[in-house]
1. Which of the residues that make up region 388-398 are surrounded by fewer than 15 Cβ atoms within 10 Å (Cβ to Cβ) and either among the hydroxyl-bearing types (S, T, Y) or within 24 Å of G239 (Cβ to Cβ) (or both)?
2. Residues to consider are F189, F173; find the one that is of a type in the set (A, V, I, L, M, F, W, C), at pLDDT 85 or above and either closer than 28 Å to I259 by Cβ or out of contact with any helix residue (DSSP H, G or I) (no Cβ under 8 Å at 6 or more places or on another chain) (or both).
3. Take R17 and tell me if it is on the phi < 0 side of the Ramachandran plot, part of a helix (DSSP H, G or I), modelled with pLDDT under 85 and not hydrophobic (A, V, I, L, M, F, W, C).
4. When you scan region 221-241, how many residues do you find that are more than 30 Å from S329 (Cα to Cα) and either crowded, with 24+ Cβ neighbours inside 10 Å or within 15 Å of the chain's Cα centre (by Cα) (or both)?
5. Is there any pair with a first residue in region 164-180 that is aliphatic (A, V, I, L, M) and a second that is not in a helix (DSSP H, G or I) whose Cβ atoms are under 7 Å apart and which are 6 or more apart or on different chains, and what are they?
Amino acid sequence: MTDVMLPLPLRSRSGFRITLTAMAVMMAGASAPSPFYPALQQEIGFSAATLTSIFAVYTVALLASLLITGSLSDHIGRRPVISVGFSLMALSLLLFWQAHDVSGLIAARMLQGVAAGLLLSALSAAVVDLEPKDRPGSATIWNSVIPLGGLAIGALIAGILMDTTEGAEADVFGTLVAAYAFLAAVIWFIPETAPRHQGVWASLRPRIGVPTAAAAAFWRSAPAVIAGWATGGLYLSLGAPIVRHVFGAEDHVTQAIVIVLLCGAGAAACYIARGHSSRWVTLYGTSALAIGTALTLAAIAWHSLPAYLAALIIAGTGFGTCFYGVLRSVVPVVRPEERGELFAALFTLSYLAFGLPTLLAGLAVGIFGLTQTTLGYGALIVLFSAIAGMLRKFRTQS
């Protein structure tokens with residue numbers, strides 16, 4: 001499909017908005033299933049350990065997809081990778097919508113993980129490629145704010161619909177399937193920013209590659225990435241069950257509010273922090289993670305839901321700013337043709353930190369119970385966040 005006949009600057013600006021919208025809708029679909037899990041547990045009958053396994057399957061598939069196709073858009077173009085990714089995403093949500101057993105849920109989440117792996121690096125790279133020339137640095141801000149905002153909106157809308165309508169599944173998943181199918185088509189109207197070049201088959205070999213120019217900043221920031229995404233894994237997988245089983249909240253909006261507060265606070269913090277240095281942002285992020293997570297653990301011990309939700313806001317600001325600070329450090333130093341590879345490496349590390357602790361927590365829930373597992377998981381996050389902050393503090397690099 002050829003580009004629409006508009007001046008290039010206008011097409012680039014429209015393409016920037018389209019890719020940001022696509023990122024938000026993709027992430028909304030990642031969080032929208034979360035409020036449905038407690039109800040699905042009752043309907044289908046599966047344990048908290050099985051629930052974390054469903055999350056882990058998504059993460060494993062996403063990681064495999066990133067390892068194999070993470071730099072594919074650098075070689076064949078952003079548009080075909082994004083279009084295929086959204087087509088698979090539409091199919092995965094359709095399967096989730098129609099799933100009536102655990103195997104159906106696992107198959108749907110596995111396909112969604114493959115689709116997300118295709119989309120994460122390609123969409124993030126396209127956003128940077130299409131950054132308006134008169135707003136330098138805006139792509140890095142929006143690459144942090146939009147995904148978190150999408151996660152918050154997806155969970156909130158799903159929770160509200162579950163409490164107010166009879167056909168919430170059709171409303172949520174039917175709308176997302178249609179939106180993904182639309183995005184798979186409309187993405188062809190943005191400018192192609194990654195011309196085809198040789199090496200496509202070699203790029204499909206599973207590997208992790210960090211562009212040389214970004215390697216030092218990437219590994220210097222790795223502990224903050226791990227701390228932030230491990231926090232996300234804790235609350236996105238166990239947050240709704242904690243609200244229901246520990247605090248006794250039965251309504252779906254309250255269960256979804258965990259994701260809304262965590263991600264919404266993270267998005268707001270990224271935007272507010274845009275005028276500060278990447279080092280300051282990362283230091284704040286690791287400190288907020290440690291303090292906020294510690295306060296959520298205290299709230300669980302006290303059985304205080306208001307304290308728990310307030311602490312989530314603090315932890316959420318750390319979740320967002322840890323990732324934003326890292327983006328500020330690594331994105332400006334790589335060449336355009338290396339951006340897909342960079343984002344693939346960054347998201348591989350992120351989702352390893354997100355998925356592996358979640359899988360281990362799922363195994364631990366069956367042995368120690370939900371509350372004890374959450375307290376232990378949270379204590380490790382507090383410790384690692386503090387270590388990550390100390391490592392960043394005593395390095396002189398920006």
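1. Once the filter is applied, which keeps residues that are surrounded by fewer than 15 Cβ atoms within 10 Å (Cβ to Cβ) and either among the hydroxyl-bearing types (S, T, Y) or within 24 Å of G239 (Cβ to Cβ) (or both), region 388-398 yields T396, S398.
2. When all the criteria are applied, what remains is F173.
3. Working: on the phi < 0 side of the Ramachandran plot: yes; part of a helix (DSSP H, G or I): yes; modelled with pLDDT under 85: no; not hydrophobic (A, V, I, L, M, F, W, C): yes.
Criteria not met by R17.
4. So the answer is 3.
5. So the pair list comes out as V172/A32; L176/A32.
Per-residue answers, yes or no, for (1) modelled with pLDDT of 85 or more; (2) closer than 18 Å to N143 by Cα; (3) out of contact with any helix residue (DSSP H, G or I) (no Cβ under 9 Å at 6 or more places or on another chain):
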site	(1), (2), (3)
H252	no, no, no
I257	yes, no, no
G285	yes, yes, no
A299	yes, no, no
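Quick grid of which residues meet (1) in contact (Cβ under 8 Å) with a residue 12 or more places away in the chain; (2) crowded, with 21+ Cβ neighbours inside 10 Å; (3) assigned to a loop (DSSP other than H, G, I, E, B):
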site	(1), (2), (3)
L67	yes, no, no
G85	yes, yes, no
L91	yes, no, no
F96	yes, yes, no
G104	no, no, no
A108	yes, yes, no
L123	yes, yes, no
A126	yes, yes, no
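Listed here are the residues, each with its yes/no results for (1) on the phi < 0 side of the Ramachandran plot; (2) outside any helix (DSSP H, G or I); (3) crowded, with 22+ Cβ neighbours inside 10 Å; (4) more than 14 Å from the chain's Cα centre (by Cα).
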{"position": "Y308", "(1), (2), (3), (4)": "yes, no, yes, yes"}
{"position": "I313", "(1), (2), (3), (4)": "yes, no, no, yes"}
{"position": "C322", "(1), (2), (3), (4)": "yes, no, yes, no"}
{"position": "P332", "(1), (2), (3), (4)": "yes, no, no, yes"}
{"position": "Y351", "(1), (2), (3), (4)": "yes, no, yes, no"}
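The values are calculated or read from the model by the stated rules, or taken from the named source; none is laboratory data. In this text the structure is predicted, and so the values were computed from the model without any measurement. Here Cβ is always computed from backbone atoms with ideal geometry, including for glycine, and neighbour counts include all displayed protein chains.
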